Amino acid sequence: MRLARAGLVLLVAAVVTSCASPEPSGHARPTGAAASGDATAGPPRITLPLDPYQVSDEDFGTVSRALAELTDRCMRRQGLTYEAPAPQDTAATSPTGHERRYGITVLESARRHGYHLAGAPAQEPKQPKRSKAYQRALTGTGEPLGGPGEFDDGCTGEAHRKLESGIDMEAVDLPQWYKRDSFQRSLDDPRVKAAFGAWSRCMAEAGHRFATPLDPPADPGVMGRTVTEHEQSVAVADITCKQRTGLVGAWQQVESALQRSTVTSRAAQLRKARAEAARLVARADRILAADGG
């Protein structure tokens, strides 16, 4: 199994097979500034230096549609109707969407949905009952085939092979790995830790005790299966404290510096990543053009 299956391609595969959920992704109420949620600043626009080297949000949609089209063709050859999954929130699933990279940032969404994604169903949607023949055709049996490293991965696997053939998918996925590394390293930076401390003190003033903005959505007492008033109040305080302390800007500045260093030290690898991503998107365009889509 190649590296790329753990990044962009795995993410797209989840969209095609509808087997993944979006990533973040006495009830005390906020008091003072954190209570009002009246901060006037809109959500910060988050861009990072590694963004230009990977598949863009728009092109990610193109690649997803091409994989779905190839999967559909394969299923139809077997006399089966492919049930494409409903579209997911692109901000949560796209490789460059940064709306929640530093936690939630959209105040109006927090007021209504807390930490849940806007438009997410109130309850887990029931998966349609599919026949064994359908599931076997879609994802295969997993049984090994003749060649080394080959196994029965059904129409999903066939779609990937047709889309990816001759393209260095490890190169395509490399910027995302670098981004994961820069995010993890940013957590150890003293400036980010100081921003966390200021945010935490602001949250404590509002009646919510958390050390970092990564903590509230991971707390089952805050984010459960359904949105509650408590969750909404914590989410509003979270964003308001981010705005008061400048946490998102400080965090983005630190991570951007880390990524600029990577862009310089890994220039050749990133040029190849951008070229291979362009080849992938161009092939996806041709697949959709052949289908009339």
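The values are calculated or read from the model by the stated rules, or taken from the named source; none is laboratory data. Computed from a predicted structure; not experimentally measured. Positions of Cβ are backbone-derived with ideal geometry, glycine not excepted, and every protein chain shown enters the neighbour counts. SASA here: full protein model, heavy atoms, side chains in, ligands and nucleic acids out. Shrake-Rupley method; radii C 1.70, N 1.55, O 1.52, S 1.80 Å.
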- request: Tell me which residues, restricted to the range 187-222, are open to solvent by 20 Å² or more (accessible area, probe 1.4 Å), closer than 19 Å to Gln252 by Cβ and not in a helix (DSSP H, G or I).
  value: Leu187, Asp188, Asp189, Thr212, Leu214
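Taking the range 273-292 as the region of interest, how many residues are open to solvent by 70 Å² or more (accessible area, probe 1.4 Å) and either more than 17 Å from Ser56 (Cβ to Cβ) or of a type in the set (Gly, Ala, Ser) (or both)? Give the steps one after another, and end with the answer.
First, pick out the residues of the range 273-292 that are open to solvent by 70 Å² or more (accessible area, probe 1.4 Å): 274, 279, 285-286, 289-292.
Those still in the list that are either more than 17 Å from Ser56 (Cβ to Cβ) or of a type in the set (Gly, Ala, Ser) (or both) too: 286, 289-292.
So the answer is 5.
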message: If I ask for residues that are touching an Asp or Glu at 6+ places or on another chain (Cβ under 8 Å) and at pLDDT 90 or above, which ones from the range 121-133 would you list?
response: none
- request: Please give the number of the condition Cys155 fails out of (1) in a helix (DSSP H, G or I); (2) modelled with pLDDT under 80.
  value: (2)
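Give me a count of the residues in the range 253-272 that are open to solvent by 50 Å² or more (accessible area, probe 1.4 Å) and out of contact with any Asp or Glu (no Cβ under 9 Å at 6 or more places or on another chain). Outline the logic, then answer.
Taking the range 253-272 as the starting set, the residues that turn out to be open to solvent by 50 Å² or more (accessible area, probe 1.4 Å) are 253, 260-261, 264-266, 268-269, 271-272.
Those left that are additionally out of contact with any Asp or Glu (no Cβ under 9 Å at 6 or more places or on another chain): 253, 260-261, 264-266, 268-269, 271.
Qualifying residue count for the region: 9.
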query: Would you say Thr226 is open to solvent by less than 50 Å² (accessible area, probe 1.4 Å) and either within 26 Å of Pro49 (Cβ to Cβ) or part of a loop (DSSP other than H, G, I, E, B) (or both)?
result: no
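For Asp152, state whether it is farther than 28 Å from Asp51 by Cβ, open to solvent by less than 60 Å² (accessible area, probe 1.4 Å) and of a type in the set (D, E, K, R). Before the answer, list the steps.
Working: farther than 28 Å from Asp51 by Cβ: yes; open to solvent by less than 60 Å² (accessible area, probe 1.4 Å): yes; of a type in the set (D, E, K, R): yes.
Yes.
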Residues of the range 248-261 that turn out to be closer than 16 Å to Ile104 by Cα and under 21 Å from the mean Cα position of the chain (by Cα), as a count: 4
query: How many of the residues making up the range 156-178 are open to solvent by 20 Å² or more (accessible area, probe 1.4 Å) and aliphatic (A, V, I, L, M)?
result: 1
- prompt: So which of Glu229, Glu158, Glu150, Glu170 ends up being more than 30 Å from Glu108 (Cα to Cα) and out of contact with any helix residue (DSSP H, G or I) (no Cβ under 7 Å at 6 or more places or on another chain)?
  reply: Glu150
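Take the residues of the range 105-115 that are part of a loop (DSSP other than H, G, I, E, B) and modelled with pLDDT under 95: which is farthest from Val254 (Cα to Cα)? Break it down into steps so the answer makes sense when it comes.
Here is the first cut: in the range 105-115, the ones part of a loop (DSSP other than H, G, I, E, B) are 105-106, 114-115.
Checking which are modelled with pLDDT under 95 leaves us with 105-106.
Details: Thr105: 18, Val106: 21 Å.
Of everything passing the filter in the range 105-115, Val106 is farthest from Val254 (Cα to Cα).
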query: Residues in the range 233-244 that are in contact with a Phe, Trp or Tyr (Cβ under 9 Å, 6 or more places away or on another chain) and open to solvent by less than 50 Å² (accessible area, probe 1.4 Å): how many?
result: 5
